[in-house]
Amino acid sequence: MDLRNGFDISRYIRSIPDYPKKGIIFRDITTLLANPHGLRAAVDELVWPFLKTDIDYVIGIEARGFILGGAVAHELGKGFVPIRKKGKLPWKVIGRDYELEYGVDRIEVHADAIGEGDRVLLVDDLIATGGTADAAIELIRESGAELIAAAFVIDLPDLGGAQKLREKGVKVHTLVEFEGE
Ligand code: AMP
């Protein structure tokens with residue numbers, strides 16, 4: 001079966017209105033992950049543009065990016081590197097602050113995990129405003145590694161994150177789009 005043409009993964013994504021607050025539609029991928037066909041299709045679709053690309057590491061953003069990024073790394077036969085929320089990684093880290101709607105958050109990666117000459121594929125479940133991915137990309141670049149592309153299951157185009165990354169010269173791969181926030 002050609003999963004790219006024959007399988008609609010969007011129907012496995014559960015949409016929850018007004019979560020975590022009024023006006024936001026939460027796109028819940030736990031229903032996609034729990035379905036064996038959905039999980040396989042999502043991971044295969046994330047991977048296929050990069051099957052012949054020279055990549056050293058897949059890097060995933062906590063927490064849903066770990067599930068998908070780990071599977072993508074396994075399928076590509078590459079290693080996985082986690083980007084975690086502040087204070088979770090046990091070794092020396094480099095970090096980036098990024099703006100949330102209310103306040104600031106910080107993501108970190110081990111300082112020795114990736115470096116000069118490494119070619120990296122970034123994976124997360126969803127891109128909205130792009131703030132999280134942008135901070136991750138800055139971390140990757142600060143480490144000296146080269147960002148090959150950023151891959152997401154879900155794009156919320158109305159929030160402009162994927163477009164913003166593309167304007168910065170990042171190759172962005174997304175599988176499904178939903179309107180609104
Ligand atoms: P952003 O930094 O605005 O691109 O937001 C991306 C991060 O927030 C991702 O790690 C998503 O998991 C999460 N996120 C943002 N908006 C949603 C939404 N509507 N449904 C589910 N997760 C979301």
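The values are calculated or read from the model by the stated rules, or taken from the named source; none is laboratory data. Remember, predicted model here, so these are calculated numbers, not experimental data. Every residue, glycine as well, gets a Cβ built from its backbone with ideal geometry; the counts of neighbours run over all protein chains shown. These area figures cover heavy atoms from the full protein model, side chains too; ligands, DNA and RNA do not enter into them. Shrake-Rupley method; radii C 1.70, N 1.55, O 1.52, S 1.80 Å.
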Would you mind stating whether Gly131 is surrounded by fewer than 23 Cβ atoms within 10 Å (Cβ to Cβ), of a type in the set (Gly, Ala, Ser) and more than 9 Å from the ligand (Cβ to nearest atom)?
no
Within the set of pairs 6+ apart or on separate chains, which have a first residue in the stretch 133-156 that is in contact (Cβ under 8 Å) with a residue 40 or more places away in the chain, a second that is assigned to a helix (DSSP H, G or I) and β-branched (Val, Ile, Thr), and C-beta atoms under 9 Å apart?
Ala151/Val47; Ala151/Val72; Val153/Ile9
Checking Lys92 against (1) away from the ligand (no atom under 16 Å from the Cβ); (2) open to solvent by less than 70 Å² (accessible area, probe 1.4 Å), the condition it does not meet
(2)
From the list Val153, Val120, Val109, which one is buried (at least 21 other Cβ atoms within 10 Å of the Cβ), outside any loop (DSSP other than H, G, I, E, B) and in contact with a Pro (Cβ under 8 Å, 6 or more places away or on another chain)?
Val109
Take the residues in the stretch 39-66 that are among the hydrophobic types (A, V, I, L, M, F, W, C) and surrounded by fewer than 17 Cβ atoms within 10 Å (Cβ to Cβ); name whichever of them is farthest from the ligand (Cβ to nearest atom).
Leu51
Residue list for the stretch 61-91, filter: of a type in the set (Val, Ile, Thr) and more than 20 Å from Ile29 (Cα to Cα)
Val81
Kindly list, by first and then second residue, each pair from a residue in the stretch 112-130 that is more than 15 Å from Leu68 (Cβ to Cβ) to a residue that is open to solvent by 20 Å² or more (accessible area, probe 1.4 Å) and within 11 Å of the ligand (Cβ to nearest atom), limited to pairs with Cβ atoms under 6 Å and residues at least 6 apart or on different chains.
Ala128/Leu159; Thr129/Leu159; Gly130/Lys164
In contact (Cβ under 8 Å) with a residue 24 or more places away in the chain, open to solvent by 40 Å² or more (accessible area, probe 1.4 Å) and over 18 Å from Val172 (Cα atoms): which single residue out of Ile9, Ile16, Ile25, Ile29 fits that description?
Ile25
